[in-house]
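The values are calculated or read from the model by the stated rules, or taken from the named source; none is laboratory data. This structure is a prediction, so every number in the text was calculated from the model and none was measured. FYI the Cβ positions are ideal-geometry reconstructions off the backbone, even for glycines, and counts take in every protein chain you see. Just so you know, the surface numbers come from the protein's heavy atoms only, side chains and all, with ligands and any DNA or RNA stripped out. Shrake-Rupley method; radii C 1.70, N 1.55, O 1.52, S 1.80 Å.
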Amino acid sequence: MAAKRSVIPFGPQHPVLPEPIHIDLITEDEKVVEAVPSIGFVHRGLEQLVTKKDFGEMVYVAERICGICSFGHGYGYVKTIEHIMGIEPTDRARYIRTLLFELSRMHSHILWLGLMADAFGFESLFMETWRLREKILDMLESATGGRVIFSIIRIGGLRKDVPDDILKGFIPELEKVVEGIKSCEKVFLSDPAVLSRLKGVGYLSKEDAINLGCEGPFLRASGVDWDNRMRGYAAYPSVDFDIITSNDGDSYARCYVRIQEIYQSAAIIRQCIEKMPQEGIYVPIKGFPNGEHMTVIEQPRGGACYYVQASGKKFIERMRVRTPTFANIPALVKTLQGCDVSDVPILVVTIDPCISCTER
Amino acid sequence: MLENLEVIGLIGLLNKVKEIKNEDYRIMQICSTKIDEEYELLYTFGREYEIKHLKTTIRYGEHVPSISDIFPSAFLYENEMHDLFGIAIDGINHDYKGNLYRTAVEAPFAGSEA
Amino acid sequence: MRISKSPWLLHYDGSSCNGCDIEVLATTAPRFDIERFGIINTGNPRHADIFLCTGGVNSQNQDVVRQIYDQMPDPKVVLACGICACDGGIFKDCYNILGGTDTVIPVDVYVPGCAVRPEALIDGVVKALKILDEKNEKMKRGEYRSLTSSEYAAKINGDVKEAGDSEGEEKTDA
C-alpha cells in the first residue's frame with residue numbers, strides 16, 4: 001500500500017522555537033518528503049525606517065535587527081557608512097570592535113548550544129550552557145553597559161572607551177568560560193545518547209552547501225573553508241586564527257564547528273587584549289554619506305551583506321541587509337527532505353535560525 | 001562605488017546570469033531600490049571572497065524574468081522583492097504569490113504608481 | 001508574599017528583535033532562576049497561566065497572539081515584555097507594526113526596557129502572580145471572567161481606552 005501523504009504544520013508557536021517560523025511538512029508516514037517554509041511573522045519593515053531616521057540614528061535601528069547578533073548588525077551598517085564617507089576608524093576602535101564582535105559570537109554560539117541541548121531534550125545541559133553564557137554577558141555589560149543591545153558603536157568609532165583594566169579582567173573570565181565549555185563539549189561530542197540524535201542527521205553535501213548559498217558554520221560543517229573574517233576588516237588581519245571546518249556535513253559536524261569557534265573566539269579576544277593599541281576611539285565625521293557600498297561580514301550565523309545607497313542627504317535612500325539565516329533557508333529545506341518527523345526540531349535548530357534577522 | 005559592478009539591460013539579464021553561473025559563482029542576494037520613477041535591481045554573486053554585482057533598471061509595472069531556474073535558491077529573494085516592492089517576477093520555482101510576507105500595507109516599498 | 005500556586009509561563013515572540021526573547025529565556029536559566037518560584041516555562045497555551053509576549057504586533061501574527069490568548073484557561077495574566085510590546089518602541093513607525101501587545105489582547109503588566117532586563121521581568125512576573133491570585137479569588141465568587149480577544153477588540157474599537165481598562169493594571173518601574 002502506498003504511503004499516505006499528509007501535511008503537518010510546524011510552528012509558528014512551538015516548544016523548541018524561541019522565535020516564530022512556520023514550515024509545512026509534507027510527510028509520507030514518518031518521513032518528510034517536502035518542506036515549505038513561510039516566514040513573515042516577525043516582519044517589521046525596519047528597512048523602511050530610513051525615511052524617518054537619519055543615517056546616524058539608523059545605527060540604533062540596525063542594532064535592533066536582531067538581539068542576538070546585535071553588535072554585528074550595528075557594525076555592518078557602520079562599516080558600510082564609514083566606507084562611503086571615507087572614514088578610517090582609529091586602531092583602538094578597530095580592536096575594541098573586534099573584541100566585542102567576538103564576545104557576541106561566543107555568547108551566540110553558547111546560546112545555540114543551549115537551544116540545541118533543549119531540542120534533544122537535555123534540560124540540565126541547557127541550564128549549564130546558559131549559566132556559562134551569563135559570564136560572557138557580564139563581560140559585555142562591564143564593557144558596554146548593556147546585556148543584549150549595546151549601542152556602543154557609532155559612525156566614526158565608539159561612543160565610549162573601555163578601560164584597559166576592565167579588558168585585562170576578561171582574560172581570567174574567558175579562561176573559566178572555556179573550561180566550562182570543555183566540560184560541556186564532552187557531552188555534546190561524545191555522549192552516546194546525544195550522538196544518536198546528531199550523528200548522520202541532516203546530511204548536506206559540500207556541493208549542495210555551496211550551490212544553495214549556505215553561510216557560516218552550516219557551510220563550514222560541510223567542508224567549505226570560507227569565513228568572511230578572512231576578507232580582512234576590523235582588526236582581523238592583525239590576529240591569528242584558522243578557519244574551522246568539518247567534512248561530515250551532519251548535525252554533529254555543525255555542533256563541532258560551533259564549539260571550536262567558541263575556543264577560537266576566546267583566543268582572538270586574548271590576542272586583541274594583548275595587542276590593544278592606546279588612545280583614540282573616535283574620528284569626527286563631516287557631512288552626509290553619498291554613494292553606495294556593500295559590506296560582507298561574518299556574523300555568528302554566517303556572512304551578512306549590508307547594502308547602503310545614499311545621495312548626500314541626511315536620510316539615506318536605501319538600507320538592505322541580507323542576513324545569514326535568509327541564505328540558509330533553502331539548504332534547510334533540502335536537509336529536511338527525507339528526514340524523520342522526530343528530527344525536524346533538531347534540524348531546524350542546527351542552522352541556528354535567527355528569524356528576526358531574516359525578516360527584519 | 002560598488003566594485004565589480006556591471007550595469008546591463010533587462011533583456012540581457014538571463015544570459016548574463018547564466019554566464020556567471022558557469023563561472024561557479026553563487027547567488028548572494030538580490031535587492032531592489034526605488035529611484036524616482038524606476039526600480040534599480042541589484043544582483044550580487046559570490047565565489048569564495050570575490051563578489052560580482054549586476055545592476056539593471058526597470059520601469060514601474062515592468063515584468064522581470066526569474067533567475068530561479070539558474071539559481072534555485074534565488075526564490076526567497078524574488079518572492080521578497082515581489083512582496084515588498086510589488087515587482088512582478090515571472091516563473092519563480094516556488095512562487096508564494098504574495099504570501100511570503102503578509103504585510104499590513106501591500107507592497108510597502110513600492111512607488112506611487114505600482 | 002504568599003504564593004498560592006505554581007504558575008506556568010508561556011512565551012511568544014511577537015515581532016521582537018530577539019533581545020527580549022533571550023532575556024525571557026535567560027530569566028529561566030540558573031543566574032536569575034525564575035523557576036525557584038515554582039514557575040515552569042511551558043510550550044502549550046492550554047497549560048499556561050501567564051503569557052509573556054515580547055515585541056510588537058504585526059498583521060501576520062495578530063491572529064496567532066489572539067489564538068494563544070484565547071486558548072489559555074482562566075484566570076490568566078498577560079505581560080508585555082520590553083518596550084516594543086508596551087507600545088511598539090523603536091519600530092513604532094514601521095509600516096508593519098500595529099502597536100504593542102495591547103492592540104490585540106488585554107495586558108495586565110507592562111515591563112519596559114530595551115532589551116528588558118531579567119530583574120525587571122522577575123519583578124513583572126511577581127506582580128502578575130498577585131493579579132493572578134486576585135482574579136482567581138474573584139472567579140471563585142463568580143464575579144470575573146476575562147475578556148476574549150474578540151470582546152476586547154469590540155471594547156477598544158467601541159470606546160477609546162478608559163482608565164483602568166483591564167483589571168489591576170500596573171506598571172513596574174524598572
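Diffusion of region A:56-335 by Stokes-Einstein, at 37 °C in a medium of 0.692 mPa s and with Rh set to the Kirkwood radius over alpha-carbon pairs, works out to 170 µm²/s. Where both bridge residues fall in the protein assembly as shown, DSSP classifies roughly 70% of the beta bridges as antiparallel. The apolar share of the surface of region A:61-215, taken as the fraction of accessible area on carbon and sulfur atoms (1.4 Å probe, ligands and nucleic acids excluded), comes to 51 percent. Each Lys or Arg adds one and each Asp or Glu takes one away; over the other residues whose Cβ falls under 11 Å from the Cβ of A:VAL341, this sums to -4. Efficiency by 1/(1 + (r/R0)^6): what FRET value for C:SER6 and A:VAL36, r their Cβ-Cβ distance, R0 = 30 Å, to the nearest 0.05? So the FRET efficiency works out to roughly 0.15.
In region A:218-254, burial by the other protein chains removes 40 Å² or more of accessible area from A:TRP226, A:ARG231, compared with the chain on its own (1.4 Å probe, ligands and nucleic acids ignored). Rounded to the nearest Hz, the phi-derived 3J(HN,Hα) couplings of region B:5-19 under the Karplus curve 6.51 cos²θ - 1.76 cosθ + 1.60 (θ = phi - 60°) are 9, 10, 9, 10, x, 4, 5, x, 4, 4, 4, 5, 5, 4, 4, where x marks glycine and proline. Label positions at B:GLU48 and B:LEU5, each projected 7 Å from the Cα along the C-beta direction, are separated by 2.6 nm.
With protein chains left intact and a 1.4 Å probe, residues in chain A average 32 Å² of accessible area per residue. In this label model, A:GLU179 and C:ILE40 are separated by 3.5 nm, measuring between points 7 Å along each Cα→Cβ vector. Taking the DSSP beta bridges with both ends in chain B, the antiparallel portion is around 80 percent.
Volume of the convex hull of region C:8-161 (Cα atoms only), normalised per residue: 104 Å³. Volume of the convex hull of region A:134-263 (Cα atoms only), normalised per residue: 146 Å³.
Database remark: amide H of C:ASN41 closer than 5 angstrom to the amide H of C:LEU9 (H placed geometrically; neighbours at sequence offset of 5 or more, or on other chains; Pro and chain starts carry no H).
In region B:54-78, burial by the other protein chains removes 40 Å² or more of 1.4 Å probe accessible surface, compared with the chain on its own, from B:SER73, B:LEU76, B:TYR77.
For B:LYS97, the lysines whose Cα falls under 28 Å of its own Cα, not counting residues fewer than eight places away in the same chain, are A:LYS4, A:LYS31, A:LYS334, B:LYS16, B:LYS18, B:LYS21, B:LYS34, B:LYS55, C:LYS92. Counting Lys and Arg as +1 and Asp and Glu as -1 over every other residue whose Cβ lies under 12 Å from the Cβ of C:VAL24, the net charge comes to -3.
Is the shape of chain B rounded, prolate or oblate, going by the alpha carbon gyration tensor and its root eigenvalues a ≥ b ≥ c, with a/c under 1.5 for rounded and a/b larger than b/c for prolate? Prolate is the answer for chain B, as a/c is 1.5 or above and a/b outweighs b/c.
Shown in residue order for region A:35-45 are the 3J(HN,Hα) couplings computed by the Karplus curve 6.51 cos²θ - 1.76 cosθ + 1.60 at θ = phi - 60°: 10, 10, x, 9, 10, x, 6, 10, 5, 10, x Hz (x for Gly and Pro).
Residue-wise HN-Hα couplings along region B:86-92, as the Karplus relation 6.51 cos²θ - 1.76 cosθ + 1.60 with θ = phi - 60° gives them from phi, are x, 7, 7, 10, 8, x, 6 Hz; Gly and Pro carry x.
Using only Cα coordinates, the Kirkwood hydrodynamic radius of region A:217-351 works out to 17.6 Å. Backbone amide hydrogens, once placed in the peptide plane, bring A:ASN290 within less than 5 Å of A:GLY312, excluding anything fewer than 5 places away on its chain. In terms of its C-alpha gyration tensor, the protein assembly as shown comes out rounded, because the ratio a/c of the largest to the smallest axis stays below 1.5. Region A:46-69 and region C:10-75 have their alpha-carbon centroids 25 Å apart.
Treating r as the C-beta distance of C:GLU119 and A:ASP165 and R0 as 25 Å, the FRET efficiency rounds to 0.45. Each of A:SER342 and A:VAL283 was given a label point 7 Å from its Cα along the Cα-to-Cβ line. The distance between the two points is 5.8 nm.
Helix B:75-85 and the longest principal axis of the Cα set of chain B meet at an angle near 40°. Let me know the Kirkwood hydrodynamic radius for region A:195-290, please, with Cα pairs as the basis and the value in Å to one decimal. Here the Kirkwood hydrodynamic radius works out to 15.6 Å.
A DSSP coil position with no more than 16 other Cβ atoms inside 10 Å describes the following chymotrypsin sites (Phe, Trp or Tyr not before Pro) in region A:264-360: A:PHE315. Take region C:8-161 with all the other protein chains still there, run a 1.4 Å probe, and you get 34 Å² of accessible area per residue.
Computed over neighbours whose Cβ is under 13 Å from that of A:ARG197, the net charge equals -3, Lys and Arg +1, Asp and Glu -1. Across all directions, the average projected area of the convex hull around the alpha carbons of region C:59-98 is 3.1 nm².
Its alpha carbons give region B:54-112 an Rg and a Dmax of 11.2, 32 Å.
Under 28 Å of direct C-alpha separation, and excluding same-chain neighbours fewer than eight residues apart, C:LYS5 reaches these lysines: C:LYS76, C:LYS127, C:LYS130, C:LYS135, C:LYS138, C:LYS140, C:LYS171.
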